[in-house]
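Here's the structure, in structure tokens; my notes come after.
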Amino acid sequence: MTRAGEAGPHLPKGCPAAGEGRSLPGMPPRRQPQPPAPPGAGPPPLDGQAVPRAALAAALEEVAHWLPAQGPISVFVHHNTLHALQHLPFDEACRLAAQVYTADTYLAQPHFRNLYRQGRILAEDLEAATVDCSDAPLWQARAGIPALDRRSLLRLLLLPGLRPVCAGNVDWHLEEGDWLKRWRRDLPAAHAERLRGHEPRRLYDVCLERNVFAIQPERVRPGRPADAVRWRHGIDLDALIHPLLIAIAAAHLDQGLARTRPPDADAGLWHSGVALLGARTFLAPRGLERLPQRLREFAGLGADAALLAALEALGIPEIEWAGVLRAEALALPGWTGMVHRIEVEPGLAPYRQVQVRLADFLALRLLLTLAALDAFGWRRGHWCTVHSPAEDPQRNRRLAAARLFDLAQILGLPPEALEGLDPIELERLRLEVERHGDLSLRARWLTAYERRHEQRVLAPLALHLAHPPATASGRPSAQVIFCIDDREESLRRHLEEIDPGVQTCGAAGFFGVAMEFQGLDAASGVALCPVVVRPRHRVHEDARAGDEHSFRRRQRLRAHWSRLARTTRIDSRGLLLGWLTTPVLGVLALAPLLARLLGPAHYAGLLGRLREVVLPRPRSQVQITRTEARGDDSDPTGSHAHDRGGRELLAGFDVREKAASVASVLKPARLTERHARLVLVVGHGADSRNNPHLSAYACGACGGRGGGPNARVFTRMANDPEVRAELHGLGVHLAEDVVFVAAYHDTCADTIEYFDQEDVPATHRADLAALSRTLEDALDRNAQERSRRFTESPPPLDARAARRAIRARAEHLAEPRPEYGHGTNAICIVAPRALTRGLFLDRRAFLVSYDADGDDDGSLLAQVLSAAFPVCGGISLEYYFSTVDNERFGCGTKLPHNLSGLVGVMNGCLGDLRTGLPLQTVELHEAMRMLFVIHSTPDRLLAVLRERPALAEFMQNDWIRVVTLDPCTHAMQRWQGGHFVPFMADGTTALPHVQDSLSWALGRSEHLPLARVQPARFPPPAELRLA
Amino acid sequence: MNLLLAAMLPGLQAAGFLLLASLWLIGRTPAEATLRPFTLLSDGTSLALALLLFVQVQAGLGPTGELLVGEWFEMHGHPYRAWLVVDTLSTTMVLLTTTLIATVRLFALRYLHKDAGFFRFFLLTQLYALGSLTVFLAGSLDLLLAGWELVGLTSVLLIAFFHQRPAPVRNALRVFASYRFADIALLLAVALVLHQGGEARWSELDRLPADEGALALLLPCLLVLAACGKSSVGPFFGWLPRALEGPTPSTAVFYGAISVHAGVYLLIRSAAAIAASPAATALLFLLGLGSALAATWIGRAQTDVKSALAYATLAQLGLMFVEVSLGLTTLATLHIVGHACWRTAEFLRAPSALRDFDEWRNALGVAAAHAAQASAAASRRAYAPALFQLNYDACVDRFLIAPLGRLARALAWLDGYLARGSARARLGGPP
């Protein structure tokens, strides 16, 4: 609940003013975007309604910022869950979000203390996290009273820390728990020694007497009417109105799951909702008996007018509109957020256009609230006067005493010592303790947690760089370009281990090709590029000449089969058709079910072979070249098409655009000359069963879809002689014998599929065959490495068995963890691959290939970071917040999920839409901000970021951690407190050398430290450093 | 032999449940790694026994019909004996039950991995299996009642599986209340039959004379009501969507497998008694047909997968009721078997709906898919009740629970008034 005085975007007391984030040197201070000007400041109104409407629009815009930004679930995009607060520094944003969303924005302190006990956080880290606190004394040592300074107090508050106690459980702890029966067991030895021999109860009595943490009883004003009702009558108003609201919202957002739609759906959510609630055949539930009267009052009004009238009827002054509307909206964040998201971007609705607005939804909500308040006979504005129940002053005293009691224990103050302290000293103590509230302590723990992680990553990395491993000389046997995804890190590592002549490289998974792509089997195009980019080109896939006939036959068969499947699945839910089909089909349905549970891989293999026989896939090609518009006849697809948002798209690319795309991938990685004969470009995606969150496992750089088509288009472009000629001018020299081939890696089932193999010239077929054999070996090992994380069955015996088990996992109907996605992400390294080659990074690192030596003016760095910061930072923050509070920021466990309207999942039959990541994806994750290691000098990086405030925001406001790696000296500097400071290894971490990755990884299911893979049969070292 | 098999089926489940429960009580909850082979073994054995029993009955080996297990207890010289029934209907239902429960538990072994309630789920499904097998093998109405109650209790506990959230608990309580309300009818039926001096065996119910007047009318109606409660037909259909709060396997085992079909089974067993009473037959027919039509109508407006499946289930259950009222018991049995398997499969793959729709749209093309999509409802008056599920909760709350609440408060006031009066009288003060 919010306090009424903080209805607007106000920060709690003690928080530095908003927007005073640290700025980059040389840049003016970052300012919070100014709130919309108050209505009085604008031009004079034209009619009586304009002023309040403008104020209402401003309030709604304010509310919309706080809503979840996730759209329909078929396209899951990882983004910063607190995107609305990204202009604030991280700690402030977390503090504000914790208050507004009543959620955890850091891990809980007991969790951190557990990590400390397990050795994941060390004492040095806590010391470093508290070094900024002054060590001024709070009081001097005297007889029987030890000295205490601020820093020691802070350290004691962190470890062992105060036990959480509140008004609800203090009496239990004191009377039935063992608070007063024995001292705490986790006290430092010296303090426990001082307390020995004294009675806990005596100390408690002294605490009761001294009454240091006196709690001022305050009666809070309600943030919204439901609070007042809960306090006065103990009734949950939300439980009353949500079933109606959710049913109406779901019916209007539905993308085709229901078989009938609301009759007035096209008139908008408000009008249709009011019509439904006012229908003769609708009976208002208990508690809303007065709804018909209210409906009559609001009957003729539009949504905005109704919202204004409702706010007026509730007696809310204009200044508090935003605050109350925000509180109301956040009571049902999922549905409200979805309504707003589709209002703002109608193109996101996958199958059907819907007319919904945030104002409509909130108007309905307030209408129902008014009707509910009528049942209590409350007059206009009465709800504002109902304050929270008075707290029991005696219990508050006990609570204050209990807190002081706990504090005295961790300070090692026996009763006499506590009695011996002056009131002034106790006041100083109190102020100091209140300065370090729960959130600020958690923030320090996070600092310690991240510091240990940095030590465990950067120190071994520095050692690795100091003694670079030998690299192969001469022309590489093959080059493979992967996506920067952290799941590809292990495959790249295994590939390089098996064949040292192979070089791998990382580029954002859309490979510079931002397009709307319509596949052979698709009915319409999908955007395959990062979500911040709007594609301007359209590409489609056709059957090759000679295969058109089989293609059309295939489409017909697919259509027939789909019609049959649809009838069997959907229409059989009707009465007569159901009666006819279920007795017959019933028992037959058990067969595929059991097959997918008992032998999923075999069943999938069988289906695959069946599909090859009955529905053979024709050889296909992608049309990527834009022909000049010569009229409609010669260009059947139309050289101009429109995307879902109505923007015009160009069909295909011209030579300059193609060259630009290819250069945007090859230049940052410094793949500009002396290429291998064969360059494989691998896009990735994932496929699994029974998984509404499928898009969350796909390629984030491709907007939550598979990147295979991008790889394909890229290779077509790069193999084109005209494009190569253009590329010479751009500085990329591709020799005649360099051939590009595209492939698609399914990261869930760990399979690779090659595209357009018939286009590979005969001279290179043997190279491709050799590379594919190597890749198959690498995939086997990759499967084994992945299997160490899956604990429901014993680890597989060998690589083949692991591969089969992984394949079965992707096809298993009941598997909620087909893969862990980005579930262990921690680092993003933007550096040449040669620097990280041979390092075991445990699938936790995004690897972007970038060489500062090839980048004279920083433009390539800017290009690379424009993808890396939003994509990797967004992924990291989405995972962070879904881990620290899975119920509020994530979508909870997958078990009770129910797909609603094809737009989202909810729990049960009428629950809130859940946004964020499920528990099964984040359970392994270490909640930290992503660590970027960037191959650049600090000045170059600052220069690049200075021109790009959107990117600078990530670093400046500490949403990510940044370390620069000097290209010449390999010195590391960390961004801290507004400037770069040198990174100091504290000597606690070594770099073990292992024979190969599997010997390091197998048999252990926990996070592994960095190791260096040094196979014995490595060729002699050479001078050549390749990106 | 048949008796032994029939007794071992619920007996094994009981033994398994007691073992798990005892381990849990003494604090040695088995880990997942131990529970997995135990579950597979238990389900496999049950399935084998059920199959063997089915084959025996079909091949005509061994005794069939009502088999006496032994004497349960004795009261006032009247023995209560435990009877099991072994015939085609029972063995079919038992085979169906064991197959579907084994399938769902196999699904859950993977699905519930690392969930905090893993053990609780398998403990409850073990008890659920015990209850279902007792229902289908019970040779008398009172033994059926024992299994019936167990099924009800474990179903409710499975709905409230996520007991740390308020919504599942709230919904589970309402389901439980509906069950208890309907079970009054079953209890009364049992009491009526036992009052006649019989043992409530199925054979006695079949032989119920037609001219017994009140008994012949009342008993079938009570059984119909009890069946309605379990199958969410007729006046009890409101609890149906509430049971979606549990994890996917539990909703499958609920709607798909067994729980809702137990009501139809009861009706098939009492078919002769129902047929003997035209009023009961008419009641059954009307309730079934009405529910089927209402469920189809509501189901069309449901926007989430599981609710749509739940109402489709209800529609078919209504049709099964109609089939029994028309005397087509074999058809009803076949319908149960096919329907249970179909719904279990559908519920377990409910999360695939998003992908299914996408694939169909890609295969059929945008225009055809659009045409196949929903049309706007013809009238608001027809659509509104469908969307809000016939205002069931509103009706129950406003016209049943609220008046009862007022009555209860009035009685409490009266009670207080009388207590104060009698206290004053006792203390000798002025009245």
Dividing the mean separation of Cα pairs under 8 Å (6+ apart) by the residue count of the range A:870-923 yields a relative contact order in percent of 37 percent
Sorted by chain and number, the residues with a modelled amide H under 5 Å from that of residue B:138, at a separation of 5 or more or across chains, are B:85
The distance between the Cα centres of the range A:739-809 and the range B:118-192, in whole Å, is 49 Å
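For residue A:193 and residue A:577, calculate 0.36 nm times their separation in residues minus their Cα-Cα distance, and state this gained length in nm to one decimal. Provide the component values of the computation, followed by the final result.
Details: separation 384, 0.36 × 384 = 138.24 nm, distance 7.98 nm.
Length gained between residue A:193 and residue A:577: 130.3 nm.
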So residue A:769 and residue A:280, fully extended at 0.36 nm per residue minus their Cα-Cα distance, gain in nm 168.9 nm
Helix-only [θ] at 222 nm, chain A, -39500 (n - 2.57) per DSSP H run of 4+, per residue, nearest 500, equals -13000 deg cm²/dmol
In order over the range B:101-110: 3J(HN,Hα) from phi, Karplus 6.51/-1.76/1.60, θ = phi - 60°, whole Hz, x for each Gly or Pro, gives 5, 4, 4, 5, 5, 4, 4, 5, 4, 8
For the range A:698-798 the GluC sites (Glu not before Pro) that pass both the DSSP coil test and the at-most-12 other-Cβ-within-10 Å test are A:736
For the range B:2-355, the charge dipole (Cβ of Lys, Arg +1; Cβ of Asp, Glu -1; about the Cα centre) points to a positive end, and the Cα of B:329, B:200, B:125 closest to that extreme belongs to B:125
Dividing the mean separation of Cα pairs under 8 Å (6+ apart) by the residue count of chain A yields a relative contact order in percent of 17 percent
Between residue B:418 and residue A:563, the FRET efficiency computed from the C-beta separation at R0 = 56 Å comes out, to the nearest 0.05, as 0.20
Share (percent) of C-alpha pair distances in the range A:495-554 greater than 14 Å works out to 68 percent
Of all trypsin sites (Lys or Arg not before Pro) in the range B:170-226, the ones in DSSP coil with at most 15 other Cβ atoms within 10 Å are B:207
So, with points 7 Å from each Cα along the Cβ direction, the residue A:545-residue A:57 label distance in nm works out to 5.7 nm
Log10 I(q)/I(0) at q = 0.13, 0.14, 0.18, 0.21 Å⁻¹ for the range A:731-888, from Debye over equal alpha-carbon scatterers, is -0.90, -1.02, -1.33, -1.37
Per residue of A:704-715, other chain Cβ atoms within 10 Å number on average 0
Restricting to lysines and to Cα separations under 18 Å from residue A:658, and discarding same-chain partners fewer than 8 apart, the set is A:667
For chain A, the helices passing both cut-offs (Cα extent along own axis of 20 Å or more, Kyte-Doolittle mean at least 1.6, full DSSP H runs) are A:237-253, A:358-374, A:576-598
Here the relative contact order (percent) of chain B, from C-alpha pairs under 8 Å and at least 6 apart, is 12 percent
Residue B:368 neighbourhood, Cβ < 11 Å, K/R = +1, D/E = -1, net charge +3
A convex hull over the alpha carbons of the protein assembly as shown yields, per residue, a volume in Å³ of 237 Å³
Across A:617-624, the residue-averaged tally of Cβ atoms belonging to other chains within 10 Å stands at 0
Computed for A with B: buried accessible area summed over both chains, 1.4 Å probe, rounded to 100 Å², at 8400 Å²
Counting Lys and Arg as +1 and Asp and Glu as -1 over every other residue whose Cβ sits under 15 Å from the Cβ of residue B:387, the net charge comes to +2
Here the FRET efficiency for residue A:798 versus residue B:376, based on Cβ atoms and R0 = 60 Å and rounded to 0.05, is 0.50
Treating only Lys and Arg (+1) and Asp and Glu (-1) as charged, each at its beta carbon, one finds that the range B:2-355 has a dipole about its Cα centre, in Debye to the nearest 20, of 1420 debye
Comparing B:279, B:350, B:410 in a Gaussian network model of chain B (Cα, 10 Å), the one with the largest mean-square fluctuation is B:410
Interchain or sequence-distant (5+) residues whose placed amide H lies within less than 5 Å of the amide H of residue B:80 are B:72, B:73, B:74, B:75
What the Cα atoms of the range B:2-355 span along the principal axes, largest first and in whole Å, is 60, 48, 40
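For residue A:1002 and residue A:733, FRET efficiency with R0 = 60 Å and r from the beta-carbon atoms, rounded to 0.05?
0.90
Under a point-charge model restricted to the Cβ atoms of Lys and Arg (+1) and Asp and Glu (-1), what is the dipole moment magnitude of chain A relative to its Cα centre, in debye to the nearest 20?
1960 debye
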Sorted by chain and number, the residues with a modelled amide H under 5 Å from that of residue B:65, at a separation of 5 or more or across chains, are B:86, B:87
With all protein chains in place and a 1.4 Å probe, residue B:258 shows an accessible area in Å² (nearest 10) of 10 Å²
Over the protein assembly as shown, with neighbouring protein chains present, the accessible area per residue in Å² at probe 1.4 Å is 39 Å²
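Summarise the partner chain shielding of A:71-80 as one whole number: the mean count of Cβ atoms from other chains within 10 Å of each residue's Cβ.
That average works out to 1.
Just to confirm the filter: which trypsin sites (Lys or Arg not before Pro) across the range A:227-330 are DSSP coil and have at most 14 other Cβ within 10 angstrom of their Cβ?
Hits after loop and neighbour filter: A:280.
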Summing -39500 (n - 2.57) over every DSSP H run of at least 4 in chain B, dividing by its residue total and rounding to the nearest 500, the 222 nm mean residue ellipticity is -23500 deg cm²/dmol
Phi-derived 3J(HN,Hα) across the range B:218-228 with the Karplus relation (6.51, -1.76, 1.60, θ = phi - 60°), rounded Hz, x for Gly and Pro, is 6, 4, x, 5, 4, 5, 4, 4, 4, 5, 4
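The values are calculated or read from the model by the stated rules, or taken from the named source; none is laboratory data. Quantities reported herein were computed from a predicted structural model and do not represent experimental measurements. Neighbour counts run over all protein chains shown; Cβ positions are idealised from the backbone, glycine included. Side chains included, ligands, DNA and RNA excluded: accessible areas come from the protein's heavy atoms. Shrake-Rupley method; radii C 1.70, N 1.55, O 1.52, S 1.80 Å.
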